[in-house]
Each structure stands twice: as C-alpha cells, then as structure tokens.
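Let me begin by presenting the structure, written as structure tokens, before commenting on it.
The values are calculated or read from the model by the stated rules, or taken from the named source; none is laboratory data. Fair warning: this is a prediction, and the values are worked out from it, not measured in the lab. FYI the Cβ positions are ideal-geometry reconstructions off the backbone, even for glycines, and counts take in every protein chain you see. The accessibility values were calculated without ligands, DNA or RNA, using every heavy atom of the protein model including side chains. Shrake-Rupley method; radii C 1.70, N 1.55, O 1.52, S 1.80 Å.
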Amino acid sequence: MSETKIALVTGANKGIGYEIANGLGALGYRVGVGARDDARRESAVEKLRAAGVDAFGVPLDVTGDRSVTEAAELVEEQAGHLDALVNNAGISGEATGPGWGQDPTALDLDVVRTVVETNVIGVIRVTNAMLPLLRRSASPRIVNVSSSVGSLTRQADPDIDVGPVMAAYAPTKSYLNAVTVQYARQFAGTDILINAACPGLVATDFTGFNGPRTPAQGAATAIRLATLPDGGPTGSFFEDDGVIPW
C-alpha cells in the first residue's frame, strides 16, 4: 500500500470544499476533487496543483448511483485506497419566505425531497460506495459537513440566535447528524472514525457571501477531523470551540 495518504472531498470545486482539499493537500494528502461540473472541477484541480497540492479530478454527482459508482472506481484506479472521505457537497434549497428563509407552512415538497436527496441520501450513497477503499486504510476517517442549524438543542432554545427558519435545509442537517451516529455505532470496534463538522457562517455563494468567516476558517474543523489520530473521537458533532449539542 502506498504511504501517501489519499483523501476525497465532495463539492470541492469551490468555497469550503475547495479549502478542505487545499488544507489536506498542504498536509501531504493526495486529494480527489469531487465535483459534478467538469469545467469548475478541472479549474479547481489546476489551481490546487499550482499551489503545490497533488490533486486529481473526480467527476461526482452525489445524487446519481452511476456517478458515485464510477467515482469509486476512479479513486481505486488512481490510488487503490482512501484514508479520508469528506462529505461536503450540499444544497440549501429554495427560499420560501422573506430573505434567506424557508417557511414550513409554504414549503414545496419537491424542494424538500431534493435537499434530502443531496444532503442526506447523497452522503449515504457516497460513504457506502467508498467504504471498500476506506477499509484498506490503516486509519480511515469520514467527515460529514453539517451545520449548527442541525442542532435540535440550539434550534429549540429561544435565547440562541440560529438565524432564519430553514424548514427544508435545517432538518436535513439534523438527519445527517443522526445518520453519522448510526455509522459510528456500526463502526464501533473498528479503526474507522466518523464525525460531523460545522464550518460556521462562512462567506460563500451558499450564504450569498454573508458571513463573518472565510472559507479557510470554515474548513478548519473538517480538516482536523479528517486527520484525527488513532483513538480519536467518533460519532460526535464539532465546531471550532468544541462539541455541539445534538
């Protein structure tokens, strides 16, 4: 087995995903840049390579069975194994209220289905496809990029500002957190560590570039969890300051 550590980051052509790929590359990982848009993916790969990162493109639409299967085959051809999988790809869905919000009383159910398909089912689809490659690693790590809006504890506390009501998006992150715990239970007693990471409110196109944090700052927690030492935490939910309550 190659001594070079291999990582795959989904949604890595821009924003937080790009910075996760960049950060892992700076640590010596060979990084697969997962993205569905060919031009943006190749542009990101070129930019990463120019920065000294050993990057390769992985055509990947997390909502497509065939796309994910072919992505796993490509990673196997390129690297033979996988040490870190960062499930970063995600969508917010359409706004249904004033500003950046989703009114639960006016939700388009097709929007809900679309967000769940990407943010939850897509993570399960990619994770399961990549598991055979992860199992070839001595220290496999899986990071699911979540959000603090998925914290039911925070959402239910009237004294905590959690932003606008996001009735399609926020529940998918609660669902993703729950799925993360189920994987951790299944992986108990193995070397696979899986955790959820909150990047905070980052200025990217996802937020309309409204946020106090840079993409690099948002990537920090995911990078830390993707490079945890053996015996590190698993089945938990983290932000910069530590554990987020479920």
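Below is a table of values for the structure above.
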item: Within the chain, percent of DSSP bridges classed antiparallel, to nearest 5; result: 5
item: Between 0 and 90°, nearest 10: helix 38-50 axis offset from the chain longest Cα axis; result: 60
item: Solvent-accessible area, 1.4 Å probe, carbon plus sulfur percent, for the chain; result: 51
item: Cα-based helix-to-principal-axis angle, 65-78 vs the chain, degrees rounded to 10; result: 30
item: Listed peptides 28-37, 118-127, 150-159, 174-183 by packing density, highest first (mean Cβ within 10 Å); result: 28-37, 118-127, 174-183, 150-159
item: Packing rank of 3-16, 48-61, where each peptide gets the mean count of other beta carbons within 10 Å, highest leading; result: 3-16, 48-61
item: Per residue value of the accessible surface for region 105-224 (all protein chains in place, 1.4 Å probe), Å²; result: 45
item: Estimated 222 nm signal from helices in the chain, with DSSP H stretches of n ≥ 4 weighted -39500 (n - 2.57), rounded to 500; result: -12000 deg cm²/dmol
item: Computed log₁₀ I(q)/I(0) - Debye formula, equal Cα scatterers, no solvent, the chain, q 0.08, 0.10, 0.14 Å⁻¹; result: -0.27, -0.43, -0.87
